[in-house]
Amino acid sequence: MSDTAVAHGHDHAHDHDHDHDHDHKPTGFRRWFMSTNHKDIGTLYLIFSLTMLFLGGAMALVIRAELFQPGLQFVDPHFFNQMTTMHALIMVFGAVMPGFVGFANWMVPLMVGAPDMALPRMNNWSFWILPFAFSILLLSFFVPGGAPAAGWTLYAPLTVQGGMSVDMAIVAIHMMGISSIMGAINIIVTTLNMRAPGMTLMKMPMFVWTWLITAFLLIAVMPVFAGAVTMLLTDRHFGTAFFNPAGGGDPVLFQHIFWFFGHPEVYIMILPAFGIISQIIPTFARKPLFGYSSMVFATAAIAFLSFIVWAHHMFTVGMPLQGELFFMYATMLISVPTGVKVFNWVTTMWRGSMTFETPMLYAIGVVFLFTMGGLSGLMLAITPADFQYHDTYFVVAHFHYVLFSGAVMAMMGGTFYWLPKWCGHMYNETLGKWHFWLTTIFFNITFFPQHFLGLAGMPRRYADYPIQFTEFNQWSTVGAFGLGISQLLFVYIIVSTVRGGKKATTEVWDNPEGLEWTVPSPAPFHTFDEPPVVK
Amino acid sequence: MASHSPEHYKTHYYVPDSSVYPFVSSIALFFIALGGASLVNGYAIGPKMMTIGGIGLASLLFIWFRRVIAESPDYNMDVDKSFRMGMAWFIFSEVMFFAAFFGALYYLRNLAVPWLAETELLWPGFEAMWPSSGPLGAQIVTNGVPSATEISEATKYGLIDPLHLPLYNTLILLTSSVTLTISHHALRASNRAQTIIWLAITVALGVWFLALQVTEYIEAYQQLGLTLGTGVYGSTFFMLTGFHGFHVTLGAFILFIVLLRCMKGHFTPERHFVFEAGAWYWHFVDVVWVGLFIFVYIL
């Protein structure tokens, strides 16, 4: 089997000039709207994600502007609540998840040596549902009562009472769910069925492993979320009583179903980030990833545990004591596999020939800052302590440390790491480093003070606050605007790199590992028409 | 890519050429979703949007599947395997969708209702029992068809007798799984007449099941006073059986299309992915029904 594949490989090298004629790219509408090409669809996902990042970021800046001072300055409280709700929905479902799917589309076929995703037309459908789903979500600003304002968790009974915008959010979520499930099925099938000869499961790059497990989580929990919002819809309009105690229901049921989805969801947003970090660190430490198999098993363990910890989001809702204890211990258990990962990254760097190009700076930044978010998560896991922290800015600080300095910064690092492979040009290293330091510093100015605010008792999701919280809030607002403006630099770097710059070599970096570095930069429109052989 | 000879695809993975179907299907979904949100809020444009979107999506899927059928001779066994894996994971997602509703049933029945009864302060006199339609819901009167006087009191409801229509339906669906398997074996043995006969019987059993289910719903609404609004019992009963019925409809439709394709001779004993996908789906709705029969009707 592998002999014939080698022979094919030689033929292919010989044929390369002819193949170039075959490499005709479609143009215009045909290329961008009718694509079956994993690279183009990946690009679409990434552009969509970046657009949503700015949209959600603008909403965050409205929130921070309002909170610069106590009292009401710019917006009324109802609009403030719409901002917090929509900021979260857009960032979670519009920026972070599609961003990682974009990385998966670009990199998984390249990393496993496949010609494309396994189901290319469905891949395009997964993407194109998203702009329409978010159009519906954003149109909700213009219906009577404005956009959803009950928080992104859409808790009943508040959402049972909301206006038409809640229904629009529900149908938009259904569409996003369809998109996510189809995308996840595609990634699983590509990974399991399209690997090059010799690429055994335990030889797969960590990014592919993390996405394989993430895709499993997506298929397992997105339908549960669909079920939850369907019950919400029928409670709102068709007289069911799932969340209505008068009919024997219970609003807490919504929280249970929501978080059965919601907790695996947070790992859906962080596992691919772990994957990206696990690709970057070995390249710039010039050592193979330490403890590869323990990394795989740690990822699987995190995924398993994610299904049995959901109620730690609702410790204060009034659960039986046994429940509080079970969910506390199960949650704390997650720090074990997560710790394995952090130790493996640090050990990979140990005595490596380290250099600090922009992707590496991001990777190290993520390891530091994500770990801080992990530690504040451990504090939140302690049930009696959580009674104090619940729904305060401490929680807001915690999940922004894992979501921004975990997920989003990992994607930024991944962008710098693979951008030369995508577009064939090197980015400007000086500007890249500037972007890293501005982002990291402003991020910490924004969110570190929120730990103190939360510990002092400032609740989240309020447009106003008592005067003693003013100073930390002002730090946070200044940081947020700095963070937002710094991202313009990110766009500038990407655009200028795509347009021109120093030609990138095939390897781009210093002897990196992986099949993606064996194809030219930029990666040709069609790659691995003949499967490569992995020894 | 798609202009290669059939020989080419024996060694190469089939990457389909570009297509406008996904984009247009997304527009159709947009109309259905926004139309649905408008409909439930009483906007007259809602049903119109849904109709446009629904017709659009149905036509698109018809054209899309027709193209896939036309291309299918070029698919090699790797593509076939991808389709199988895709279908299996899709069914897994469906299992999780039903799991949410079964989970809700468990929670409401074993936790929510007892907790409501525990707190005398809130709903004095409410006693935990199952079925329950909650403290302010209608009260259960009997375990069968209630008398005319009982029904006349609007706040009472009766229960479906599990050993009547639901039992028949269980037998029908279980039988249909057997007939489907016989049909599959016939297909593998290249016996086309048998394949078609047993598959047609399977589809007929599916339609019979649906007809009985509709009868049961009419009986529940008109004679028993059991509706979607009958508290948590009505909610879980109709949502679970309703979504199941919807899936049976879809499964029967898939099998009907497969039947037409069998008649046209589209399948070989080796290559008949759609047949197997439809069969897996059918067995899946069958298993869900067994769960419903036990947890919704009997217990």
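Would you be able to tell me the number of residues in region B:218-240 that are within 23 Å of the chain's Cα centre (by Cα), away from chain A (no Cβ under 14 Å) and surrounded by 17 or more Cβ atoms within 10 Å (Cβ to Cβ)?
Final tally of qualifying residues: 2.
Tell me which residues, restricted to region B:18-53, are open to solvent by 10 Å² or more (accessible area, probe 1.4 Å) and not in a helix (DSSP H, G or I).
B:S18, B:V20, B:N41, B:G42, B:Y43, B:A44
Among the candidates B:W282, B:W198, B:W289, which residue alone is more than 21 Å from the chain's Cα centre (by Cα) and at pLDDT 95 or above?
Checking each option against the conditions leaves just B:W198.
Residues are listed down the side, and each one gets a yes or a no for (1) in the same structural domain as B:G278 (by TED's automatic domain parsing); (2) among the aliphatic types (A, V, I, L, M); (3) over 14 Å from B:P16 (Cβ atoms):
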{"residue": "B:M50", "(1), (2), (3)": "no, yes, yes"}
{"residue": "B:G53", "(1), (2), (3)": "no, no, yes"}
{"residue": "B:S59", "(1), (2), (3)": "no, no, yes"}
{"residue": "B:F65", "(1), (2), (3)": "no, no, no"}
{"residue": "B:S82", "(1), (2), (3)": "yes, no, no"}
{"residue": "B:A100", "(1), (2), (3)": "yes, yes, yes"}
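Residue-by-condition table, conditions (1) touching a residue at least 60 places away in the same chain (Cβ under 8 Å); (2) within 23 Å of A:A311 (Cα to Cα):
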site: A:G352; (1), (2): yes, no
site: A:S376; (1), (2): yes, yes
site: A:I382; (1), (2): no, yes
site: A:T392; (1), (2): yes, yes
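Looking at region A:280-287, is at least one residue free of Cβ contacts under 8 Å to residues at least 60 places away in the same chain, closer than 26 Å to A:R351 by Cα, part of a helix (DSSP H, G or I) and open to solvent by less than 20 Å² (accessible area, probe 1.4 Å)?
Scanning region A:280-287 turns up no residue that is free of Cβ contacts under 8 Å to residues at least 60 places away in the same chain, closer than 26 Å to A:R351 by Cα, part of a helix (DSSP H, G or I) and open to solvent by less than 20 Å² (accessible area, probe 1.4 Å).
Take the residues in region A:206-265 that are among the acidic types (D, E) and more than 7 Å from chain B (Cβ to nearest Cβ), then tell me which one is nearest to the chain's Cα centre (by Cα).
It comes out as A:E265.
Conditions tested, residue by residue: (1) among the hydrophobic types (A, V, I, L, M, F, W, C); (2) open to solvent by 10 Å² or more (accessible area, probe 1.4 Å); (3) more than 14 Å from chain B (Cβ to nearest Cβ); (4) in contact (Cβ under 8 Å) with a residue 40 or more places away in the chain.
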| residue | (1), (2), (3), (4) |
| --- | --- |
| A:W32 | yes, yes, no, no |
| A:V62 | yes, yes, yes, no |
| A:Q69 | no, yes, yes, yes |
| A:P77 | no, yes, yes, yes |
| A:T85 | no, no, yes, yes |
| A:L89 | yes, no, yes, yes |
| A:G94 | no, no, yes, yes |
| A:F100 | yes, no, yes, yes |
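If you go through region B:246-282, how many residues are assigned to a helix (DSSP H, G or I) and open to solvent by less than 60 Å² (accessible area, probe 1.4 Å)?
Number of matching residues: 19.
Between residues in region B:18-30 that are at the interface with chain A (Cβ under 7 Å from one of its Cβ atoms) and residues that are among the polar types (S, T, N, Q) and open to solvent by 40 Å² or more (accessible area, probe 1.4 Å), which pairs lie under 8 Å by C-beta distance while being six or more apart or on different chains?
These pairs meet every condition: B:F30/A:S135.
Would you kindly identify the helices (runs of 4 or more DSSP H) lying entirely within region A:392-475 that contain at least 3 residues that are closer than 30 Å to A:K39 by Cα and open to solvent by 50 Å² or more (accessible area, probe 1.4 Å)?
A:429-455
Take region A:497-535 and flag every residue that is within 16 Å of A:H425 (Cβ to Cβ) and within 14 Å of another protein chain (Cβ to nearest Cβ).
A:P524 - this is the single residue of region A:497-535 that is within 16 Å of A:H425 (Cβ to Cβ) and within 14 Å of another protein chain (Cβ to nearest Cβ).
Here's the yes/no breakdown for (1) at pLDDT 95 or above; (2) facing another protein chain (nearest Cβ under 8 Å); (3) touching a Leu at 6+ places or on another chain (Cβ under 6 Å):
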site	(1), (2), (3)
B:K48	yes, no, no
B:I52	yes, no, no
B:N76	no, no, no
B:F90	yes, yes, no
B:E94	yes, yes, no
B:F97	yes, yes, no
B:F102	yes, no, no
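So for region A:183-199 (the condition being more than 14 Å from chain B (Cβ to nearest Cβ) and either under 25 Å from A:Y267 (Cα atoms) or open to solvent by less than 30 Å² (accessible area, probe 1.4 Å) (or both)), does at least one residue qualify?
The answer is yes; a qualifying residue exists.
The values are calculated or read from the model by the stated rules, or taken from the named source; none is laboratory data. On a predicted model such as this, the values are computed, not experimentally measured, just so you know. Glycine also receives a Cβ, built like all others from the backbone with ideal geometry; neighbour counts cover every protein chain displayed. Side chains are part of the model used for accessible areas, which takes the heavy atoms of the whole protein and leaves out ligands, DNA and RNA. Shrake-Rupley method; radii C 1.70, N 1.55, O 1.52, S 1.80 Å.
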